[in-house]
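> Quick one: the structure is below, questions incoming.
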Amino acid sequence: MKWFRRKKFDLAPGHTVEKAFSLAGTDYYTFTDPFNLPCERAFYALAFYEEFEWRCTRSFLCATLETVVHALTPHNDGQKWTLDPETARKTAAQALELMNRVVEPDLVYKLAAVMYFDENEDPYGFDYAYALKKIERWKRKGPKAFFLRLPLKDLLPSWTLSGEDLAAMWPGAQAQTRAAVRKIRQTPCAKTSTAPWWNDLPSPTPTP
């Protein structure tokens, strides 16, 4: 990972950055033209925006689909072939419930992490591990401190919810996501699958 100071951002012609907001003594910057992001940041931004629209992560959707397929595939327990349509129904219904939420504020954190960078980041790259640490720092300050400073109208221009709305909704949405993760981890599929998305599921424990 490259380390930068603000005055040393090495920008290509046609790219300019501007200060977006500050939190806990750290300034965060963004590209002036959000439609002209460097390729790596643009790819992550698109992926995170899709998750924002889904109201759940890609890993959770993959785990849901695998669980449904597993439940509807005949299995031999040594005595007879069985199906588990009830697990399939409950798992699919749970995913639909999450996707019909107004918003999952945790996914706003992810989108912000790629759109806004500090002086220690390379504007042209995206270090996912560093982004997760950045999100942890934001969360430690509390949802209200973060969402009230976040320039939502720039991040999500078509959105009507305010920072106050997001801060108020965050605890309930986080609890709903944790409950869904706990339930899907208890399915037979979760106990036998080696698919990578199970390791990428949101934490089932509260975020401080």
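Bear in mind that the values in this text are calculations on the coordinates, not laboratory data. Quantities reported herein were computed from a predicted structural model and do not represent experimental measurements. No Cβ is skipped: glycine too gets one built from the backbone with ideal geometry, and neighbour counts run over all protein chains shown.
> Roughly how compact is segment 1-154, stated as its Cα Rg over 2.2 N^0.38 Å to two decimals? Working shown, then result.
Details: Rg = 20.4 Å, N = 154, 2.2 N^0.38 = 14.9 Å.
Ratio of Rg to 2.2 N^0.38 Å for segment 1-154: 1.37.
> Set the Förster distance to 41 Å, then compute FRET efficiency between residue 82 and residue 203 from the Cβ-Cβ distance, nearest 0.05. The partial results should precede the final answer.
Values: r = 32 Å, r/R0 = 0.78.
Once rounded, the FRET efficiency stands at 0.80.
> For an R0 of 35 angstrom, estimate the FRET efficiency from the Cβ-Cβ distance between residue 18 and residue 75 and round to the nearest 0.05.
With R0 = 35 Å, the Cβ-Cβ based efficiency is 0.05.
> Right, next: With 10 angstrom as the radius, rank 66, 97 by how many other C-beta atoms surround their C-beta, starting from the fewest.
Arranged by neighbour count, lowest to highest, 66, 97 become 97, 66.
> Now for a separate question. Measure out, as a whole number of angstrom, how far apart the alpha-carbon centroids of segment 144-208 and segment 25-65 sit.
Cα centroid of segment 144-208 versus Cα centroid of segment 25-65: 14 Å apart.
> Are there DSSP H segments in the chain that both extend 24 Å or more along their axis (alpha-carbon positions) and score a mean Kyte-Doolittle hydropathy of at least -0.5? List them, or say none. Don't skip to the end; give the middle numbers.
Details: long enough: 163-185 (32 Å, -0.44).
Flagged H segments are 163-185.
> Also, quick follow-up: Quickly rank 143-149, 173-179, 30-36 as a protection proxy: mean count of other C-beta atoms within 10 Å, highest first. The partial results should precede the final answer.
On the way: 143-149: 19.1, 173-179: 17.0, 30-36: 13.4.
So the order, starting with the most tightly packed, is 143-149, 173-179, 30-36.
> Give me the aspartates and glutamates in straight-line cross-link reach of residue 139: C-alpha distance below 18 Å, same-chain residues under 8 apart excluded.
Reachable aspartates and glutamates: 27, 104, 106, 118, 164, 165.
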